[in-house]
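A short worksheet on the structure shown next.
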Amino acid sequence: MTSLAATIATELNVQPHQVEAALKLLAEGNTVPFISRYRKEATGGLDDAQLRHIEERHTYLVELQERKQTVIEAIEEQGKLDDELKRDILAADTKARVEDLYLPYKKRRKTKADIAREAGLEPLLDKLISAPGTDPEALAQDFLCEGFAETKAALDGARAILVDRFATDADLVGEVRERLYTTGTMRSSVVEGKEAEGAKFKDYFEFNEPFESLPSHRILALLRGENEGVLSLDLDAGDESIYQGMIADRFELPVDDSEWLAKAVKWGWRTKLQVSANLDTRVRLKEKAEEGALEVFKTNLRDVLLAAPAGQRATLALDPGYRNGVKCAVIDGTGKVLDTTIVYPHQPQNQWQQAVQTLSSLCAQHAVELIAVGNGTASRESEKLAGEVADLIAEAGGARPTPVVVSESGASVYSASEIAAEEFPDMDVSLRSAVSIARRLQDPLAELVKVDPKSIGVGQYQHDVNQAALARTLDAVVEDAVNSVGVDVNTASAPLLERVAGVNPTIAKNIVAYRDEHGSFASRKELGKVPRLGPKAFEQSAGFLRIQGAADPLDASAVHPEAYPVVKRIAASTGLDTKGLIGNSAVLTKLRPADFADETFGVPTVTDIIAELDKPGRDPRPEFKTATFKEGVNKVSDLTPGMILEGTVTNVAAFGAFVDVGVHQDGLVHVSAMSHKYVNDPHDVVRSGEVVKVKVMDVDVERQRIGLSLRLDDEPGQERKSGGGKPSQSRGGKRRGGGRRGVEKQKAPGGSMADALKRAGFGK
């Protein structure tokens, strides 16, 4: 473990003992959220991201070690293992390097090289190398035999042996592979006759970019274009003479003096080394693309889950539609459904006034404070309807409800799910969507955990990446998000509870069942009565499960029950009781954590405890804000360059951010239009769900494309100012980057990112 810990520690720039402590805690069945929050002394304050890296890398390194041992034993059985080879295998830091070293000893079907060796042609090859000036045909005459009765056949056999030496030389294979990846270029062209069918890939019809600089979204788009038979991909290694020189130098081949050797080297490069290096490059590019896509998905999902909650306020939700009507649901502050209905204000029924009256009555009857409007079809028309309803309430002397446009991504998936069927067995599927829209406004986290993360609409080519890795990544994000906020055990659904550290689906259902039978939990201690929630599960989960209104106010905080004695010591030192201490900033800010630390609870934990006492149960999510769409701007044709609008960020990608400005098409802020300074990652500037002001830079009504800028001093039609995105690179001689044209290259179908692109008009 020590060597593995040291390796991981170097990668994370932390101490080996921190990694060893983390691995020990993980091996004991502790969860990442629990370790990062409540075991800071042991790990030296490692956060959840570092802990997950440790977990993943340790798994890889263990597998690597096991593979090394297997390879060593296999070569030893053949009697071919020497000390140098063993050292090389043990020193290998990747699985690819181990396989390179194992290749010459791997059991394989008999090759042309093997047959030639058995026929005694290896001495011929040695002579061809040692006597480069001699006529190869003449040398071959002495080695003619069965199967190799002609000089050409004998020379071909010798070449096969030589090429086999190239292909099984681990150092050469590794060097060639690395050089090709770092200096080579991806080229793509359209397959003849596929121009119209593959129009969505037109920006890749004539394209080139170095492998190393290709971002994940472009790699995935290129691979998808190839898979759909539209694009032909060429992995250009560059100057072939360099690679041939590497081969000749490695084996000290006098190619300048032997045309035969020069041709053999060229043959070996083209038929073996280039082929294998290309295959490896494809694998590396795919891995790079998947890693990038997962990172985008992870970051966006976290932002959406941790979006500002509107809080426990009565809400009317409108799930817009034309022919099938606007599905409506009213929920109270706890998310309980109070009423549902369907109104038909839009075409073809056009029952506008009836809809206004119906919804106004619902708002008045249930004291509605918020009107959540789904952002799908008929959204702006329904937003106008919500505005009229709100105004009518205000005119009648009531408190005006606030209309809010809400992302409805995944609502339909939830409505048809098993979870929704269990919650609302007698409710129409379409009405369940409205309930979901209302609840996700009140508490996005609590509601979105019920939806498959892949359906929330924040991904990038998620259908093209490794699904097991995707599931692991997303589960980790959801777990970290839920535990960073905490969960009210008396109101939480089973899907939300099972995301709490230490709580599995069975325990979650048992908590809900116990609550239904016995009423609300009065204390954290009572959790011990829940079937299957044993001491370990309690240890892991208790700090994240909150009980509002408990006799012990600490039960509503993030202070873990194991640390309650520390709070008692702190309270005693101040002469206050726990209630008097909580929220008493004047007293708490004067305390020194070191005065209350002991062998069990060190300064980091005590510091966290004091901070929690100051603001108990503090929600880390931002304050709730809503975007106000510009009146009269309802469709793309209403936009004009130069307009300054308010909108909500719906998705963030490697190349920029999509913003909903209320026209049914998300506009795109390219990375180069996000700041006056260089922007490496758009997530550094904006987050999904954030309300921003943007300037309209260009509008293409025909293709429904909207180019936006976060730099409000930008002028439409002007050459883009410096700052923002990455430097331009060659792509078939075409200009890349900037405004609308700079985004055409991004379009590709499939997944939520593709949906976002379509909403922005890209990909049509």
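All conditions but one from (1) of a type in the set (A, V, I, L, M); (2) at pLDDT below 95; (3) under 23 Å from D249 (Cα atoms) apply to I161; the one that does not is (2).
Okay, residues lined up against (1) touching a strand residue (DSSP E or B) at 6+ places or on another chain (Cβ under 7 Å); (2) crowded, with 23+ Cβ neighbours inside 10 Å; (3) of a type outside the set (V, I, T):
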{"residue": "A468", "(1), (2), (3)": "no, no, yes"}
{"residue": "D475", "(1), (2), (3)": "no, no, yes"}
{"residue": "E479", "(1), (2), (3)": "no, no, yes"}
{"residue": "V489", "(1), (2), (3)": "yes, yes, no"}
{"residue": "A492", "(1), (2), (3)": "no, yes, yes"}
{"residue": "G502", "(1), (2), (3)": "no, yes, yes"}
{"residue": "V512", "(1), (2), (3)": "no, no, no"}
{"residue": "E517", "(1), (2), (3)": "no, no, yes"}
{"residue": "P531", "(1), (2), (3)": "no, no, yes"}
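Could we say that I115 is under 22 Å from R165 (Cα atoms), at pLDDT 95 or above and either assigned by TED's automatic domain parsing to the domain that holds G543 or part of a helix (DSSP H, G or I) (or both) here? Yes; evaluated as a whole, the condition is true for this residue. Within the set P620, P604, the sole residue that is assigned to a loop (DSSP other than H, G, I, E, B) and in contact with a helix residue (DSSP H, G or I) (Cβ under 6 Å, 6 or more places away or on another chain) turns out to be P620.
The numbered conditions (1) assigned to a loop (DSSP other than H, G, I, E, B); (2) within 30 Å of R546 (Cα to Cα); (3) small (G, A, S) are all true for S675 except (2). Can you find even one residue in the stretch 433-443 that is assigned to a loop (DSSP other than H, G, I, E, B), among the hydrophobic types (A, V, I, L, M, F, W, C) and more than 23 Å from V559 (Cα to Cα)? Within the stretch 433-443 (the criterion being assigned to a loop (DSSP other than H, G, I, E, B), among the hydrophobic types (A, V, I, L, M, F, W, C) and more than 23 Å from V559 (Cα to Cα)), the answer is no, since none of the residues qualifies.
Only one of the numbered conditions (1) surrounded by 15 or more Cβ atoms within 10 Å (Cβ to Cβ); (2) over 24 Å from R302 (Cα atoms); (3) at pLDDT 85 or above is not met by E715, and that is (1). Residues that are at pLDDT below 90 and of a type outside the set (S, T, Y) do occur in the stretch 689-697, at least one of them.
So, of the residues in the stretch 17-70 that are in a loop (DSSP other than H, G, I, E, B) and of a type outside the set (V, I, T), which turns out to be surrounded by the most Cβ atoms within 10 Å (Cβ to Cβ)? Don't jump to the end; show me each part of the working.
Within the stretch 17-70, the subset in a loop (DSSP other than H, G, I, E, B) is 28-31, 39, 44-47.
Those left that are additionally of a type outside the set (V, I, T): 28-30, 39, 44-47.
Details: E28: 9, G29: 12, N30: 21, R39: 18, G44: 15, G45: 13, L46: 23, D47: 15.
Per the stated criteria, the residue is L46.
Filtering the stretch 397-427 to residues that are more than 25 Å from E623 (Cβ to Cβ), among the charged types (D, E, K, R) and in contact (Cβ under 8 Å) with a residue 24 or more places away in the chain leaves only E423.
What helices (runs of 4 or more DSSP H) lie completely within the stretch 489-558 and have 1 or more residues being acidic (D, E)? Talk me through it step by step, then tell me what you get.
On the way: elements: 494-497, 505-518, 535-541.
Ranges flagged: 505-518, 535-541.
Reported count of residues in the stretch 636-672, each being part of a loop (DSSP other than H, G, I, E, B) and free of Cβ contacts under 8 Å to residues at least 60 places away in the same chain, is 3. For the stretch 678-696, a tally of residues being among the basic types (K, R) and either surrounded by fewer than 17 Cβ atoms within 10 Å (Cβ to Cβ) or outside any loop (DSSP other than H, G, I, E, B) (or both) returns 2.
The values are calculated or read from the model by the stated rules, or taken from the named source; none is laboratory data. Bear in mind the structure is a predicted one, so any value in this text is a computation, not a measurement. FYI the Cβ positions are ideal-geometry reconstructions off the backbone, even for glycines, and counts take in every protein chain you see.
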